[in-house]
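Single-structure report; data block below.
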Amino acid sequence: MAGRWIEQWEPEDEIFWQEKGERIARRNLWFSVLCEHIGFSVWTLWSVMVLFMGPEYGVDPAGKFFLISTATLVGAVVRVPYTFAVARFGGRNWTVISALSLLVPAVAACVVMEPGTSYTTFLVVAALAGIGGGNFASSMTNINAFFPLHKKGWALGLNAGGGNIGVPVVQLVGLLVIGTAGATHPRIVLAVYVPLIVVAALCAAHFMDNLAPVQNDTGAAKDAVRDPHTWIMSVLYIGTFGSFIGYSFAFGLVLQTQFGRTPLQAASLTFIGPLLGSLIRPAGGWLADRYGGARITLWNFAAMAAATGVVVYASGTASLTVFLVGFIALFVLTGLGNGSTYKMIPGIFHAKAIAQGLRGEAAAACGRRLSGAAMGLIGAVGAVGGLAINLAFRQSFQTAGTGTAAFWSFLAFYGVCFTVTWAVYLRRPAAVPAKPQLGYAKV
């Protein structure tokens, strides 16, 4: 696909940035947000479709959790190739391609959403929806290249937050359909999204740009895979983004299964948590820019553990009000943590470049090279956390009829994330004058 290519891009050059770089970067950011937003909506489409699946569909709660788990898994896996597609095809070109590809799962869901369809068919179509999860990886990789280091926390937080809002928006659309047309008309949801997908692709084609300096670097990919910080940050991202996407998929089903809510009652509550978590994500990036990503991430995990404790108590006592307070607080904290952890990634690799003796643009280029390669892998592993959450819920409801056991496991994991963040990025190492320290508290 032919497209507009920018041959020279130097965001760390203040004159270049002020004269034209910032204007171009912001334009690409806004339309990247639009396309990623639609991608998230399609990825989490089945968190809405399962609310329409009454007894006549013959799918039990465990089967519904497995449907949304399938979409989560595919979304995690495709993030890796989507990351490298930006350099292979160009950020603008790949955004157009990936946006148009969303027509496949949307149209397929429109065809199969009726009683009598086999469960295997539902699984296949739910898997197709997973490609919407890949849009996040390519979008973040693309936008990461447009902005200077001191703006990345804000830009990546806004890009991701705007995309994440696709989750509550599709759930709001589902709520409106159930509330007006009833729970027997799921195809109306798809009728809304098919034209939106086309509009997003056309906007990307008309307003976005390709950056020629962004190239796939197999050496960078190998270096990122070998670097322990890639895997450490993957664990932390499981705790933040994995929680966000896993809870987004599962919230409505938990309300229906554990608290006996009707489809309309569940839909009227499901969107609140993902909406707040999405809106707060840019604030996580901004706080990380201001106070340090590691510090914000550390205390965010402590707060997530506390909120999970509230949810465990509410789950055990069957208190819907307390459950909603704790769960929505969890969503808000996952959003903050998403912003702060993603800010840490470019900062970590930039700090490593400085520790190796590089300075100025050389250090910035090295940091961009490794962080760009690491982001796709970290995003993919983080999304697997959503799969783990849905499978934990499935097992918990199968064996105990409630989600309490699953929440206990999440609480333990947040404790692990808190400890890892402190031990690796905030604990003061013994002074070694001959070897410069990386200053991770500021990443």
Going residue by residue through the range 295-304, is there one that turns out to be open to solvent by less than 10 Å² (accessible area, probe 1.4 Å) and of a type in the set (S, T, Y)? yes
Of these, I389, I348, which one is under 30 Å from A314 (Cα atoms), of a type in the set (V, I, T) and open to solvent by less than 30 Å² (accessible area, probe 1.4 Å)? I389
Among the listed residues N159, N135, N142, N93, identify the single one that is open to solvent by less than 30 Å² (accessible area, probe 1.4 Å) and in contact with a strand residue (DSSP E or B) (Cβ under 7 Å, 6 or more places away or on another chain). N93
Can you find a residue that is over 30 Å from G372 (Cα atoms), at pLDDT 95 or above and open to solvent by 60 Å² or more (accessible area, probe 1.4 Å) anywhere in the range 193-206? yes
For the range 65-82, how many residues meet the condition of being closer than 10 Å to G134 by Cα and among the aromatic types (F, W, Y)? 1
Of all the residues that make up the range 60-90, how many are under 14 Å from L377 (Cβ atoms), within 15 Å of the chain's Cα centre (by Cα) and open to solvent by 40 Å² or more (accessible area, probe 1.4 Å)? 2
Can you give me the number of residues within the range 366-384 that are surrounded by fewer than 24 Cβ atoms within 10 Å (Cβ to Cβ) and over 15 Å from A224 (Cβ atoms)? 1
For the range 96-124, what are the residues that are open to solvent by 40 Å² or more (accessible area, probe 1.4 Å) and over 17 Å from S47 (Cα atoms)? I97, L100, L103, V104, V111, P115, G116, S118, T120
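For W286, indicate whether it is open to solvent by 50 Å² or more (accessible area, probe 1.4 Å) and touching a residue at least 60 places away in the same chain (Cβ under 8 Å).
Yes, satisfied.
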Got a sec? Which of V310, V325, V254 is β-branched (V, I, T) and either open to solvent by less than 40 Å² (accessible area, probe 1.4 Å) or not in a helix (DSSP H, G or I) (or both)? V254
Among (1) crowded, with 24+ Cβ neighbours inside 10 Å; (2) over 28 Å from A374 (Cα atoms), which single condition is A129 missing? (2)
(1) within 22 Å of the chain's Cα centre (by Cα); (2) surrounded by fewer than 22 Cβ atoms within 10 Å (Cβ to Cβ); (3) closer than 21 Å to I165 by Cβ: which one isn't true of T270, the others all being true? (2)
Residue hits (the range 1-37; within 30 Å of G182 (Cα to Cα) and open to solvent by 10 Å² or more (accessible area, probe 1.4 Å)) are L34, H37
Contacts under 8 angstrom Cβ, first residue in the range 211-234 being in contact (Cβ under 8 Å) with a residue 12 or more places away in the chain, partner in a loop (DSSP other than H, G, I, E, B) and open to solvent by 80 Å² or more (accessible area, probe 1.4 Å), 6 or more apart: A212/E7; A212/Q8; P213/E7; P213/Q8
Please count how many residues of the range 281-305 are closer than 19 Å to I238 by Cβ and out of contact with any Phe, Trp or Tyr (no Cβ under 7 Å at 6 or more places or on another chain). 9
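Which residues, taken from the range 45-59, are loosely packed, with under 14 Cβ neighbours inside 10 Å and either farther than 14 Å from G116 by Cα or of a type in the set (D, E, K, R) (or both)?
E56 - this is the single residue of the range 45-59 that is loosely packed, with under 14 Cβ neighbours inside 10 Å and either farther than 14 Å from G116 by Cα or of a type in the set (D, E, K, R) (or both).
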Extreme residue, modelled with the highest pLDDT, among residues of the range 207-219 that are open to solvent by 30 Å² or more (accessible area, probe 1.4 Å) and touching a helix residue (DSSP H, G or I) at 6+ places or on another chain (Cβ under 8 Å): F207
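The values are calculated or read from the model by the stated rules, or taken from the named source; none is laboratory data. The model shown is predicted, which means the values in this text are computed figures rather than measured ones. Please note: Cβ atoms are built from the backbone with ideal geometry, for glycine as well, and neighbour counts cover all protein chains shown. Just the protein is used for accessible areas: all its heavy atoms, side chains included, with ligands, DNA and RNA removed. Shrake-Rupley method; radii C 1.70, N 1.55, O 1.52, S 1.80 Å.
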